[in-house]
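Asks: What follows is a structure written as structure tokens; I'll ask about it next.
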Amino acid sequence: MQYDFAYVYENGTDNISEESGDYDLGLQEPCGSLLSSNFNSIFLPTVYGIIFILGVIGNGLVVVVMGYQKKLKTMTDKYRLHLSVADLLFVLTLPFWAVDAAKSWYFGSFLCVSVHMIYTVNLYSSVLILAFISFDRYLAVVRATNSQAMRKLLADRVIYLGVWLPAALLTVPDMVFARLQDTGSSNYLFTDESMETGESRTICQRIYPQQDNHIWASAFRFQQILVSFLLPGLVILICYCIIIAKLSQGAKAQVLKRKALKTTIILIVCFFSCWLPYCIGIFLDTLMTLNVIVPSCELQQVVEMWISITEALAYFHCCLNPILYAFLGVKFKKSARSALTQSSRSSQKTTLMTKKRGPISSVSTESESSSVLSS
């Protein structure tokens with residue numbers, strides 16, 4: 001998935017795609033890479049595998065527990081369910097990119113486009129949901145007396161128009177430009193050592209029109225930075241500054257609201273801690289592509305290394321939500337305990353009916369279940 005630093009920017013899967021045009025127009029000779037071939041074949045698949053396992057277990061648990069509840073009790077719970085669904089969809093694409101990084105793309109053109117689209121939907125929906133959560137917290141804290149109807153409308157209906165619809169529309173470039181390419185083709189510029197040796201492989205990438213290729217690539221980079229970071233980040237910053245000002249008034253009743261905000265604030269801080277370094281890297285790479293910054297070979301190598309590492313680390317954001325729930329979400333832990341207890345109770349009853357055992361074990365199990373539910 002990661003072959004050259006100028007392609008990491010678009011969706012973590014476009015590593016080489018837009019780079020071909022960038023190098024053709026901006027450099028006479030490609031710089032050597034600081035990354036060894038083991039980075040692609042060993043490090044990336046290992047990181048993707050870890051994230052896949054943690055993400056499926058963690059986000060899967062959140063989705064199951066939230067879905068198990070008859071009614072979601074809070075608006076924030078609804079947003080977090082949307083967030084976990086988006087992250088779960090994302091981690092399901094990582095095995096494809098692990099194989100792609102280690103060997104080649106074996107999965108055909110349909111999955112090439114589909115995996116690109118799933119990544120894009122997750123990227124944009126995640127940060128937009130965080131912006132919705134921030135605005136919901138603003139309404140709950142600052143305008144608590146008359147905001148319930150608006151909060152319910154936002155969580156039940158507007159989220160589909162304000163999050164999922166824009167994220168889906170932003171996948172149009174993936175449908176148009178994502179396709180397969182053979183690295184052995186004559187119009188492909190080799191930038192990886194394994195490719196220079198003559199080893200041909202199939203990659204899944206965005207291929208822009210040959211004319212003004214670097215303009216297309218830069219435009220989509222700036223779109224990503226603007227839509228997935230700057231605009232939602234501004235909403236988040238404004239909402240939480242107002243909330244902090246409100247809570248700093250010192251009323252004792254605000255202590256509970258501070259505790260309620262704790263998990264959400266940490267979620268947002270963790271998200272931007274993961275994605276901001278990567279965003280800075282693709283911004284610098286874009287400026288070099290447009291020759292705003294003189295693209296020296298040393299600088300390109302540093303940016304390549306920076307993007308490669310921060311992209312891999314940024315993917316861990318999809319594992320943070322369930323971890324934060326487990327350590328900070330008291331209500332979630334109670335719901336999870338209740339769901340797992342009732343699931344265990346059902347399995348016990350099924351076992352008893354199947355094996356036709358006596359009632360002693362059943363009484364013991366239900367007694368234990370009652371004590372867990374009351375804790």
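Asks: Looking at Ile50, is it over 19 Å from Ser125 (Cα atoms), of a type outside the set (Ser, Thr, Tyr), surrounded by fewer than 21 Cβ atoms within 10 Å (Cβ to Cβ) and out of contact with any helix residue (DSSP H, G or I) (no Cβ under 8 Å at 6 or more places or on another chain)? Give the derivation first.
Replies: Details: over 19 Å from Ser125 (Cα atoms): yes; of a type outside the set (Ser, Thr, Tyr): yes; surrounded by fewer than 21 Cβ atoms within 10 Å (Cβ to Cβ): yes; out of contact with any helix residue (DSSP H, G or I) (no Cβ under 8 Å at 6 or more places or on another chain): yes.
Judged against the criteria, Ile50 is a match.
Asks: Okay, next question. Of all residues in the range 293-308, which are under 25 Å from Ser41 (Cβ atoms) and under 29 Å from the mean Cα position of the chain (by Cα)? So that I can check it myself, show each step before the final result.
Replies: To start, the set of residues in the range 293-308 that are under 25 Å from Ser41 (Cβ atoms) comprises 297, 300-308.
Within the range 293-308, Gln300, Gln301, Val302, Val303, Glu304, Met305, Trp306, Ile307, Ser308 qualify.
Asks: Moving on to the next point. From the residues in the range 74-94 that are touching a helix residue (DSSP H, G or I) at 6+ places or on another chain (Cβ under 7 Å) and either over 23 Å from Ala168 (Cβ atoms) or part of a loop (DSSP other than H, G, I, E, B) (or both), which one is modelled with the lowest pLDDT?
Replies: Residue satisfying both the conditions and the ranking: Thr76.
Asks: When the residues of the range 128-157 are filtered to those that are buried (at least 19 other Cβ atoms within 10 Å of the Cβ) and small (Gly, Ala, Ser), which remaining residue is nearest to Ala167 (Cα to Cα)?
Replies: Filtering first and then ranking leaves Ala131.
Asks: Identify, from the list Ser109, Ser125, the residue that is buried (at least 23 other Cβ atoms within 10 Å of the Cβ), assigned by TED's automatic domain parsing to the domain that holds Cys239 and hydroxyl-bearing (Ser, Thr, Tyr).
Replies: Ser125
Asks: What pairs come up if the first residue lies in the range 160-179 and is in the same structural domain as Gln205 (by TED's automatic domain parsing), the second is of a type in the set (Phe, Trp, Tyr) and in a helix (DSSP H, G or I), and their beta carbons are under 6 Å apart, counting only those six or more places apart or on different chains?
Replies: Ala167/Tyr124; Leu170/Tyr124
Asks: One residue is enough: does the range 248-267 have a residue meeting the conditions surrounded by 15 or more Cβ atoms within 10 Å (Cβ to Cβ) and modelled with pLDDT of 80 or more?
Replies: No: zero hits.
Asks: Mind counting the residues in the range 137-182 that are part of a strand (DSSP E or B) and β-branched (Val, Ile, Thr)?
Replies: 0
Asks: Give all pairs with beta carbons closer than 8 Å in which a residue from the range 232-258 that is assigned by TED's automatic domain parsing to the domain that holds Ile268 and aromatic (Phe, Trp, Tyr) meets a residue that is modelled with pLDDT of 75 or more and loosely packed, with under 15 Cβ neighbours inside 10 Å; count only pairs at least 6 apart in sequence or on separate chains.
Replies: Every condition considered, no pair remains.
The values are calculated or read from the model by the stated rules, or taken from the named source; none is laboratory data. It should be emphasised that the depicted structure is a prediction, and the values quoted were computed from it without experimental measurement. Methodologically, a virtual Cβ is constructed for each residue, glycine included, from the backbone with ideal geometry; neighbour enumeration extends over all protein chains shown.
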